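Okay, structure first, notes after.
The values are calculated or read from the model by the stated rules, or taken from the named source; none is laboratory data. Quantities reported herein were computed from a predicted structural model and do not represent experimental measurements. Ideal geometry is used to build each Cβ from the backbone, glycine not excepted, and the neighbour counts take in all protein chains shown.
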Amino acid sequence: MIGSVVAVDLGGTKTTAALVTPTGAISARHTVPTPAAAGPSAVLDAVAEVVDHVSTEATAPVRKVGVGSAGLVDVDTGTIVSATNAMPDWAGTALGAELVARLRSRWGHSVRVHVQNDVDAHATGEAWKGAARGRSCVLMVTVGTGVGASLVLDGKPRYGAHWGAGEIGHVPTPRAEGLRCACGRLGHLEAVAAGTAVARRYQASTGIVADGEQVVALSLRGDVTATRMVTDAAVALGQAIAGQVTVLDPDIVVIGGGFANAGPLWWAAMDDTVRSELVPVLQAVEIVPTSLGADAALLGAARAAQDLLSQDAEPGTARRPSAPHRPTSAASAGQSSPRDGIHDHDSENRPS
Ligand SMILES: [Zn+2]
């Protein structure tokens, strides 16, 4: 019988792990601070520690771990391709292999680890058990300290040719002209729509230091500058989402991240902008907030790890297609081919 996996939501400030059953029941949740400033080795030690802690509550030895991590991830190797300054030196970290080694030395048995981007994990969770349950084409957009997105087709994220699919925060955006993005370039969506961008712009205009949530609160009390900044952020995001909806025609758009709770002023400006930019046939696109909150990333990470279990149950099946995969439902229908996870021996399915 397939047992629980350990799911990990690895962010720049905190890391949460939990046991997740094949049906999506979460237990033994445990959260620790992420020692990001101490460097990758300290982060890896902390992740191994929290996974080990959670696993003690499992009824059978844990053999699969799913991780949703900050940064772009090479899912084939479990390696971080790029990351922001919130995780110094995180880019290049062989997260999957390092975690396998640490857990094997603790547990004395083999373990496989699947690593993906945290927004992809979040979106996968929403598509499995949340607001997008049962939908085949799901666009998820998260707005917090940054702006990210994920496209989930038939339950599986599309990673892209360079693991960079969904980086909506770096889409050129009219309202961001002249504003410096976290990536160093000018005019990207994140420079106007992220919570940090709203705070920075408000301070530049007023001299008042406030975080994004505080600027939202000021806008709700009638502060004209705060209202302009929040509206700018929402309209810019709405324009970017309209662009993606025009290309993808998704079944549903799910909005998540801390700034997505910015209230009715922000939501209405975002939603009205999307619909006003779209051609009539697309204007009824469903746009909803996340329904799972912090559970979504855990569920998505667990789902990917469970897919590794399914591969083991059917040796020789579920290989990733060797041809470049195209993000079409026809390509993914009828075959379950998650990227292979990282593992520590060859008696199970091989790494790609
Ligand atoms: Zn950028």
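Here are the numbers for the structure shown:
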quantity: Residues that are in contact with a strand residue (DSSP E or B) (Cβ under 6 Å, 6 or more places away or on another chain) and more than 21 Å from ASN261 (Cα to Cα), drawn from the stretch 187-220; calculated: GLY187
quantity: Residues of the stretch 159-169 classified as away from the ligand (no atom under 16 Å from the Cβ) and crowded, with 21+ Cβ neighbours inside 10 Å, total; calculated: 2
quantity: Residue among GLY148, GLY166, GLY160 that is under 11 Å from ASP120 (Cβ atoms), in a strand (DSSP E or B) and among the small types (Gly, Ala, Ser); calculated: GLY148
quantity: Residue within the stretch 108-127 that is over 15 Å from the mean Cα position of the chain (by Cα), free of Cβ contacts under 8 Å to residues at least 60 places away in the same chain and either at positive phi or part of a strand (DSSP E or B) (or both) present; calculated: yes
quantity: Number of the condition not met by GLU190 [criteria: (1) farther than 19 Å from SER219 by Cβ; (2) more than 10 Å from the ligand (Cβ to nearest atom)]; calculated: (2)
quantity: Number of the exception - ASP118 against (1) within 16 Å of the ligand (Cβ to nearest atom); (2) buried (at least 24 other Cβ atoms within 10 Å of the Cβ); calculated: (1)
quantity: Check on VAL100, assigned by TED's automatic domain parsing to the domain that holds VAL51 and modelled with pLDDT of 95 or more; calculated: yes
quantity: Subset of the stretch 47-71 (residues that are surrounded by fewer than 19 Cβ atoms within 10 Å (Cβ to Cβ), more than 20 Å from ASP307 (Cβ to Cβ) and either in contact (Cβ under 8 Å) with a residue 40 or more places away in the chain or of a type in the set (A, V, I, L, M, F, W, C) (or both)); calculated: ASP52, THR59
quantity: Selection count where residues are loosely packed, with under 15 Cβ neighbours inside 10 Å and aromatic (Phe, Trp, Tyr), scope the stretch 170-224; calculated: 0
quantity: VAL47 part of a helix (DSSP H, G or I) and not basic (Lys, Arg); calculated: yes
quantity: The stretch 262-290, subset under 19 Å from the mean Cα position of the chain (by Cα) and surrounded by 16 or more Cβ atoms within 10 Å (Cβ to Cβ), residue modelled with the lowest pLDDT; calculated: THR290
